[in-house]
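Asks: Okay, handing you the structure first.
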């Protein structure tokens, strides 16, 4: 059917009409958010209505669906008088109530929440943080909607409180992919740019759910095909969107649609790692190894070859669930390609953690790094997962991907405050600590901690045992309504578009974009996300004021640039359209400089 009507889950025209109706009371604000703001939904990072990767207009269903979050009004405080009744609603129904307009408090035994001033918030939070040990505090950030300044401020606050219990909601899979890249190449980030898709001979998709997570990427793949790339999908099922999609790339594609996938290698669930092992063996046996690249830019090839020799080829094929003909064709495509980009998605890294390392090994064998049209592109995890890693929002890292025992590197920027070198807890570890009565305070900055939990029932029980929970958020969520151990604070959070002076956000391709402040109505008592963590800590330890009481967002970015050399240039981002791409278009075009001897590791 023309335009794909009736043949896919959503349609841009229908979504646009729905968004226009939902935001009719704030049509001007909705238009400004679309025209000025950087998209915070898919992690691809387009600005305003402009798609800088391919040109033309960037407008996707995800962005339209979330537009109401930036235009709706405040909830009625009377709605919060009965928390038990509210807890019967799901996250969507709670969001429909509107924004949190001011701070609220609920103590153990209270039926609902009561109003509280910011001075009272800081007094209560400061007392709890001062009384808690560093191991008894946890810090969690939301995976979308926060500026990079907020993530940095949260990590710095935790560090100066000698606490490494920090995490990003829903980041487990994305963190695994970036950690594998860091171990092999020295930097935990995608190695190429989205535009490299257009220069590739072969694009491999592994465990991606593009239609639901990054719908604009379908447009990029359609353009890559038009320029000559072959699209290979390796998965346990072929996404219908890869059979046929209707991208806004041209009249013919928009009307009649286009098929994205040229080849589909079907594997059983959990079989991708095995098929990659088989293909690695085949590449070696076919003599398709890039010998010069391996000899001059890598280390550890002997260990890889020993593992491949020891692996049973037939057993690998059996575990993968793929037919030999399909597997051979996969190996043939990889062996004859001159330029290849592999796109890694959530389902691969969540189900098969070691598969990303096999992808990297394959690229190293073929020399698919540091050249146009080559690289590994991770779309796994929430939009903020890359910024969180670079800014140290992980239990074993400090900003700049520093290990905890390198805290002395931060002395110039942070002063001589003692920092803990003891690895902290991720979100799942915090649930365990809370159930054991070892977590006294949880600071939740814009997260949805129940939705991010592997076992929401277990997490709900853990939440109820934490003495003080501090939830800074724009909307109510089910986690806020869990009965308090002693008390729950709800703090009103500004959106990224409301942040005075603007803010920056990092895309999957390492592009840090400035998103300007969008004019519109404001909630008087809402505060920027970068401001809240430091104020809570200063209330507990006044001696931290000079280190944590930032004057504005620009001061945060200036310090980010000082602390994280990769982010050189972010302090100069001040206007709509400004951006820097750290590492350049190709992260390792000059070699693997972050690795010992400049060599990547198999």
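Asks: Taking every DSSP beta bridge with both residues inside the chain, roughly what % is antiparallel (nearest 5)? Intermediate results must be reported in sequence, preceding the final value.
Replies: Working: 20 of 61 bridges.
The answer is about 35 percent antiparallel.
Asks: Quick check on the chain: helices-only [θ] at 222 nm, where DSSP H runs of length 4 and up contribute -39,500 (n - 2.57) each and the sum goes over total residues. Nearest 500, please.
Replies: Only helices count here, giving -10500 deg cm²/dmol.
Asks: Using a simple spin-label model with points 7 Å from Cα along the Cα→Cβ vector, what separation in nm is obtained for residue 24 and residue 69?
Replies: With each label point 7 Å from Cα toward Cβ, the separation is 2.5 nm.
Asks: Based only on other Cβ atoms within 10 Å, what is the fewest-to-most ordering of 344, 482?
Replies: Details: 344 28, 482 21.
By the 10 Å Cβ count, ascending, the order reads 482, 344.
Asks: How would region 2-71 be classified by its alpha-carbon gyration tensor: rounded, prolate or oblate, with rounded meaning a/c under 1.5 and the a/b versus b/c comparison settling the rest? Let's see the in-between values first.
Replies: Numbers: a/c = 1.91, a/b = 1.09, b/c = 1.76.
Taking the square roots of the gyration eigenvalues as a ≥ b ≥ c, region 2-71 is oblate.
Asks: Once you have the Cα-Cα distance between residue 524 and residue 543, take 0.36 nm times their residue separation minus that, and quote the gain in nm to one decimal. All intermediate terms of the calculation are to be shown ahead of the outcome.
Replies: Numbers: separation 19, 0.36 × 19 = 6.84 nm, distance 2.84 nm.
Separation in residues times 0.36 nm, less the Cα-Cα distance, equals 4.0 nm.
Asks: If I model a spin label at residue 292 and residue 451 as a point 7 Å from the Cα along the Cα→Cβ vector, what separation in nanometres do I get?
Replies: Taking the simple label geometry, residue 292 and residue 451 are separated by 5.0 nm.
Asks: Subtracting the Cα-Cα distance from 0.36 nm times the residue separation, let me have the gained length for residue 432 to residue 238 in nm, one decimal.
Replies: Numbers: separation 194, 0.36 × 194 = 69.84 nm, distance 3.74 nm.
Full extension from residue 432 to residue 238 adds 66.1 nm.
Asks: Can you give me the orientation-averaged projected area of the convex hull built on the Cα atoms of the chain, in nm²?
Replies: Values: hull surface 104.4 nm².
Projected over every direction and averaged, the Cα hull of the chain covers 26.1 nm².
Asks: If you rank 414, 21, 31 by fewest surrounding Cβ atoms within 10 Å, what's the result?
Replies: 21, 31, 414
Asks: Would you mind calculating the gained length between residue 130 and residue 464 on full extension (0.36 nm times residue separation, minus the Cα-Cα distance), in nm to one decimal?
Replies: Numbers: separation 334, 0.36 × 334 = 120.24 nm, distance 2.08 nm.
Additional length available on full extension: 118.2 nm.
Every read-out reported here was derived from the displayed coordinates using simple, explicitly stated rules and does not represent laboratory data. All values derive from a computational prediction rather than experimental measurement. Note that each Cβ is placed from the backbone with ideal geometry, even for glycine, and that neighbours are counted across all protein chains shown.
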